[in-house]
Amino acid sequence: MVKKQPTVSVLFMLFSVLFCVCLIAANIFETKQVAFFSHSQTAGVIVFPISYIINDCVCEVWGYKKTRLLIWLGFLMNFFFVAVGALCDALPPAEYWDNQAGFHAIFGLAPRIAAASFVAFVCGSFINAYVMSRMKLRDGENRFSLRAILSTIFGESVDSIIFFPLALGGIVPWSEMPWLMLFQVGLKTVYEIIALPITIRVVRAVKRAEGTDVYDEGISYSIWKLFDL
């Protein structure tokens, strides 16, 4: 008997590639501080929220199991990028090459910040997917906009609560930390709301193209069942 192998579609693969690119690009863009009205932000805020929008789309169309695979794939690709970047940064530069300081500013990510980023990403992404999945089971096709926004609020809140204290505790005054986290969550949620009309159209188009609309009935929400598709 030939055992049927789990498969993924071309569209899912394209979403996965974009997801990984957004995470890796965010690491690079985070090295630049930009002025945002009266506040300063890292340029990574331009691209990082897209990963949560993709998370919502994948969970809505293909369900939690495929989203779990997507999150771990993004984690592994991001880890590989950061690790190789750190290795290249540690290698001695050629005598004639005078751009080591610039290279280090981009790829010399502090281990503390890298670890905080990885933990926060995994926790926030899985909370986002869990909220999307459970709300869809309750509401069915209805109220996609609400679950997309609420899942982002929950996911980004967990991400910020973990990342900022771990990465910046003792550097940023503790009295400023709650405001920094609230501003980040608020900004990224507004980003999600602005992009929502596009997100809705993308989800509808993908559902039609795939001919699927998964409901996560009776599944395990364990984050470790990577190949349970």
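The values are calculated or read from the model by the stated rules, or taken from the named source; none is laboratory data. None of the values given here were measured: they were computed from a predicted structure. Ideal geometry is used to build each Cβ from the backbone, glycine not excepted, and the neighbour counts take in all protein chains shown. SASA here: full protein model, heavy atoms, side chains in, ligands and nucleic acids out. Shrake-Rupley method; radii C 1.70, N 1.55, O 1.52, S 1.80 Å.
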Can you run down the residue pairs with Cβ atoms below 7 Å, 6 or more apart or on separate chains, where the first is in the range 88-115 and open to solvent by 100 Å² or more (accessible area, probe 1.4 Å) and the partner is of a type outside the set (Asp, Glu)?
112/167
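Pick out the one residue from 220, 125 that is free of Cβ contacts under 8 Å to residues at least 60 places away in the same chain and not aliphatic (A, V, I, L, M).
Numbers: 125 fails: free of Cβ contacts under 8 Å to residues at least 60 places away in the same chain.
Within the list 220, 125, the selection yields 220.
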Of the conditions (1) at pLDDT below 95; (2) within 25 Å of residue 65 (Cβ to Cβ), residue 114 satisfies every one except a single condition; which number is it?
(2)
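Can residue 166 be described as more than 25 Å from residue 204 (Cα to Cα), assigned to a loop (DSSP other than H, G, I, E, B) and among the hydrophobic types (A, V, I, L, M, F, W, C)?
Numbers: more than 25 Å from residue 204 (Cα to Cα): yes; assigned to a loop (DSSP other than H, G, I, E, B): no; among the hydrophobic types (A, V, I, L, M, F, W, C): yes.
Spelling it out, it is not the case that residue 166 is more than 25 Å from residue 204 (Cα to Cα), assigned to a loop (DSSP other than H, G, I, E, B) and among the hydrophobic types (A, V, I, L, M, F, W, C).
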